[in-house]
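The values are calculated or read from the model by the stated rules, or taken from the named source; none is laboratory data. Computed from a predicted model, the values in this text were never measured in an experiment. Virtual Cβ from ideal backbone geometry, glycine too; neighbours counted across all protein chains shown. Just the protein is used for accessible areas: all its heavy atoms, side chains included, with ligands, DNA and RNA removed. Shrake-Rupley method; radii C 1.70, N 1.55, O 1.52, S 1.80 Å.
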Amino acid sequence: MGADEQPSPTRKRDREEEDELADGGAAEKRPRAEGASLLGLASYEDDEEEEAARGQANGHRAEGEGNGEEGEDEDDEEDDVRRAPERRPRQVELRRDCPYLDTVNRQVLDFDFEKFCSISLSNLNVYACLVCGKYFQGRGLKSHAYTHSLEAGHHVFVNLQTERAYCLPDGYEINDPSLEDIRHVLNPRFTKEQVLNLDKNKQWSRALDGSNYLPGMVGLNNIKETDFVNVTIQSLMRVTPLRNFFLIPENYQHSKSPLVHRFGELTRKIWHARNFKGQVSPHEFLQAVMKASNKRFQIGVQSDPVEFMSWLLNTLHAKLKSSKKKNRSIIHDCFQGELEVVKEVHRKHIMEKREDGDELNGDAGSVVGTADGTVTETSKVPFLMLGLDLPPPPLFKDAMEKNIIPQVPLFNILKKFDGETVTEVVRPSIARMRYRVTRLPKYLILHMRRFTKNNFFVEKNPTLVNFPVKNLELKDYIPLPKPKENDKLRSKYDLIANIVHDGKPGEGCYRVFVQRKSEEAWYEMQDLHVTETLPQMVALSEAYMQIYEQHE
């Protein structure tokens, strides 16, 4: 019996499937080159879909191989002959009148979590079911999304990468403006004009659940012991140039770091005015943090926001700096200042150091020896934040048998940077240090060293710091370098964020006071709780880390 007289049942079924697909215009079997010319991301998308379909259909593939390679070639040739005279590309049918659009349930949609298929756990070519909110891989025959559409009767899916919506199992693409709000929540967008007007917006937004929220003032989920991340993010969201930079993804598209892109996504979600919920979950950002920090910071382990802020700024800078501007990034433009450090070391300590194999840092600056046996080394050191030492708390209780909580003005502890006050250090060697600020940053980060660790436990210093919320004039307290001829000395700062620690050392929790510029109001934020507060309350807290903004 000849092959052309009576085809085998398998080949017959394959041809019938191809004919159906050609008529229905499904994407899975269309030629690669034609698909690429039709859609910008189609070739990439189809590759993944075919991979996903192949991975799921091992039995189907084995059946095809059993027919022999020659039979497959004949099928391809016949397919080419049949298509040659028409010369029309097989497109995904585009329809506006999808009968299933009323089954879309926006209440269950949550795009804050990692884009992984809920069955295969793959992150390639993932679709969200807009009826139940679950994620599935692929939309080809035998794929998880296709199977879900048949089993559950859910028909509307959106590709989480390309944002295209499809109806399954029919396979056509849905072109309907009613889905735009879902695309905006999946990937919030801002125009440059919107970014510039953000600080003028006083309008509240309303979420789908009926809750009202202020864009930029949304709560962040505490996934588990992640309040140290939340207060850091909420503080950085007040730094206008940094926020504006991350609201427009084109600014950092050259970076291949997931951490940079996740931070940008989180920034856009926090400032988005069309969210479905009145809060945001930093889940994807935390996953990127765990990976980039080699689990130094992780979900479920309480960490220090000062350490996290330092790590985050340095890592973002390293991932963002481009070769065009030497060692420059938006991080350094906002936060980097410069200190002049004068270090006095006694000769005997230098000899001890050299015996240990360490050399004095020779390229740091000028080194001068004196008659009494001390060596003075002067160097310029860049900084992103300044650490302030608190006076030790009193050892004894007062007459009422209560602990006295001492208070200290901010200006007293800022004297550390006046170039004259000596700070004794023990590590890496015993030395006397003097610090002087030679260049002020646009945004000054201060942190009060409240926690001291010894061999047995961590102690917390409860000293209250009295600081001005507005008009901190640094030149009155520390000597500053004279500005260049045409420049004006900018040494006046306003507080924009104040991180506070409540509770015992090693335990407790963090909250943050932040200012909303559009109405100059202060808000207290602790995870999901956002409440307006008075500026006087900000100054009564146990400040741990602060960000000040320079006056223009």
| query | Which length gain, in nm to one decimal place, applies between residue 304 and residue 451 when the Cα-Cα distance is subtracted from 0.36 nm times their residue separation? | reply | 51.9 nm
| request: Place the peptides 255-267, 99-111 in order of packing, highest mean first, counting for every residue the other Cβ atoms within 10 Å and averaging per peptide. | output: 255-267, 99-111
| task | Enumerate the residues in the stretch 259-276 having an amide nitrogen under 16 Å from the point lying 7 Å beyond the Cα of residue 206 toward its Cβ. | result | 273-276
| Which whole-number value in Å³ per residue fits the convex hull of the alpha carbons of the stretch 189-324? | 108
| note | Around residue 195 (Cβ within 13 Å, Cβ-to-Cβ, excluding residue 195; K/R +1, D/E -1) the net charge comes to +2
| Of the heavy-atom accessible surface of the stretch 408-500 (probe 1.4 angstrom), what whole percent is carbon and sulfur? | 50
| Set 295/380; 475/517; 192/269 screened for pairs whose C-alpha atoms are more than 22 Å apart | 295/380; 475/517
| said: Probe radius 1.4 Å, ligands and nucleic acids ignored: give me the carbon and sulfur share of the accessible area of the stretch 189-324 as a rounded percent. | reply: 48
| In the stretch 94-185, what percent of the accessible surface is made up of carbon and sulfur (1.4 Å probe, ligands and nucleic acids excluded)? | 50
| request: Kindly rank 289-297, 542-550 from highest to lowest mean number of other beta carbons found within 10 Å of each residue. | output: 542-550, 289-297
| request: Could you list, in their original order, any pairs among 321/442; 321/343; 115/224; 442/482; 224/453 whose Cα atoms are separated by more than 27 Å? | output: 321/343
| query | Solvent-accessible area per residue for the stretch 189-324 at a 1.4 Å probe radius, Å²? | reply | 44
| Stretchable slack from residue 459 to residue 181, in nm (0.36 nm times residue separation minus alpha-carbon distance) | 95.1 nm
| request: Using per-residue counts of other Cβ atoms within 10 Å, averaged over each peptide, order 527-535, 168-176, 308-316 from highest down. | output: 308-316, 168-176, 527-535
| query | Between residue 426 and residue 379, how many nm apart are label points set 7 Å from Cα along the C-beta direction? | reply | 2.2
| field | For the stretch 94-185: relative contact order, % (alpha-carbon pairs under 8 angstrom, 6 or more apart) | value | 27
| task | With r as the distance between the Cβ atoms of residue 407 and residue 326 and R0 = 51 Å, compute the FRET efficiency 1/(1 + (r/R0)^6) and round to 0.05. | result | 0.70
| Heavy-atom surface of the stretch 94-185, accessible at 1.4 Å and reported per residue (Å²) | 43
| request: Give the Debye-formula value of log10 I(q)/I(0) at each listed q (0.25 Å⁻¹), with one equal scatterer per alpha carbon of the stretch 114-197, two decimals each. | output: -1.23
| request: Count the DSSP beta bridges whose two residues both fall in the stretch 409-552, then state the antiparallel fraction as a percent rounded to the nearest 5. | output: 95
